[in-house]
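The values are calculated or read from the model by the stated rules, or taken from the named source; none is laboratory data. Since the structure is predicted, the reported quantities are computational estimates derived from the model, not experimental observations. Note: ideal-geometry Cβ built from the backbone for every residue, glycine included; neighbour counts use all protein chains shown.
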Amino acid sequence: MKELEEIVGAAVRDLADDAPPPFDLATAARTQGRRIRRRRRTAIGSAAVALLLVAATPFVVFRQEREALPAAPTPSPSVAEKDWWDQPYQLPGGLIVTALTGSQNDNIMLDRLTGTYWQIPRAYEMVWGSPTATGAVVSDGSTLRVLHGPDSATSSVSNKVGFSPQWSPDGDRVLTTGSKEYAIWEVAAGQGQRIQKAPLLRDCKVICYFTWLPNGKEIALPQASGGIVVLDSETGNELRTLPVQGSPAGPGAWSPDGQFVIVVDAADLKGPRHVVDVRHGQVIGTVPDSTLHFLDDERILSIQDTTAEVYDVKGRLLETQTLPAAFAGRTVSVGRP
């Protein structure tokens, strides 16, 4: 009898020492293994240990249920890491991350008022962060809206002319492309969209969306018959045709002075991007297929998965920066601090 009491007492002490903290599943698994080995040392105490485990389990579960939950909107570990979440994330060349698009429940946006990122609560298919202010264009698959911040309602941009939204360089307007026209939404002024017919869209076969030129007054559209046509954004009047083959590779494709443009070859959509001198249409360099943005000093920022690189216009790699693991598989929007 005394031997049984000693075995039971030892089991109680072992359980007290090995009780895992709440939510520590790995430690719980290891201590469970130790309990099993101890039970096998003697058959006498096996029944007593089993009874003690039954008695202790409700206590452990009760402790776990009383743990305080994180306060919203703390991101899950799969979404963000503390070393970048609490301040605007700096990219090479002086730009910052304004938004990240992941899955429909995993989109992130910068709040410039607080300097921190927040997780957009509603499921959107795509998010395009503003380059200058707190705000983003969001898409639910049928309608484009502007989300102005964590505590604001969305305002509708378009449910008709709503393809490939492009923020203007000053962040005041959003340009969208339709099947026969383009539209400009005066976001900063809170005004509705101005729609212009664009017959040139009939001659655009593969990558058919308008992009802003750096001056914020002109827009450009590639033509299947050759060249990129520049239009007045206010009137839709054609101004000139640039001798460039290919389509501008997104909103950051134009150099600050408009002399160079990064283009996509319609015959090789997954191939490298070409840097072209718009004065004569000559290709002067190539850069990887990635999210590309010209910097103020005419270097080129490339973002792909968890790597940011800087190239010169001839395609020579100048700088590399490893991005947080949370950036993997996400589309990055950038802007100025």
Selected residue (only one of ALA308, ALA253, ALA266 is under 22 Å from CYS208 (Cα atoms) and within 25 Å of the chain's Cα centre (by Cα)):
ALA253
Six or more apart or on different chains, Cβ under 8 Å: which pairs go from a residue in the range 83-109 that's outside any strand (DSSP E or B) to one that's among the acidic types (Asp, Glu) and at pLDDT 90 or above? Could you list them?
PRO92/GLU309; PRO92/GLU319; GLY93/ASP296; GLY93/ASP297; GLY94/ASP296
Exactly one condition in (1) among the small types (Gly, Ala, Ser); (2) assigned to a strand (DSSP E or B); (3) under 19 Å from GLY250 (Cα atoms); (4) at pLDDT below 85 is false for SER156; which is it?
(3)
Which pairs turn up if I take residues in the range 177-188 that are closer than 14 Å to SER164 by Cα and look for partners that are among the hydroxyl-bearing types (Ser, Thr, Tyr) and in a loop (DSSP other than H, G, I, E, B) with beta carbon separation below 6 Å, at least 6 apart in sequence or on another chain?
THR177/TYR209
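A quick yes/no check of all residues on (1) modelled with pLDDT under 90; (2) under 12 Å from LEU231 (Cβ atoms); (3) surrounded by fewer than 20 Cβ atoms within 10 Å (Cβ to Cβ):
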position: SER168; (1), (2), (3): no, no, no
position: VAL174; (1), (2), (3): no, no, no
position: ALA189; (1), (2), (3): yes, no, yes
position: LYS197; (1), (2), (3): yes, yes, yes
position: PHE210; (1), (2), (3): no, yes, no
position: GLY216; (1), (2), (3): no, no, yes
In this structure, does VAL229 turn out to be crowded, with 16+ Cβ neighbours inside 10 Å, in contact with a helix residue (DSSP H, G or I) (Cβ under 7 Å, 6 or more places away or on another chain) and free of Cβ contacts under 8 Å to residues at least 40 places away in the same chain?
yes
Does PRO121 satisfy being more than 26 Å from GLN321 (Cβ to Cβ), out of contact with any Asp or Glu (no Cβ under 8 Å at 6 or more places or on another chain) and at pLDDT 90 or above?
no
Return the residues of the range 286-311 that are surrounded by 15 or more Cβ atoms within 10 Å (Cβ to Cβ), among the acidic types (Asp, Glu) and over 20 Å from GLY246 (Cα atoms); say none if nothing qualifies.
GLU309
Name every residue in the range 113-125 that is crowded, with 18+ Cβ neighbours inside 10 Å and closer than 25 Å to LEU295 by Cα, in order of residue number.
TYR117
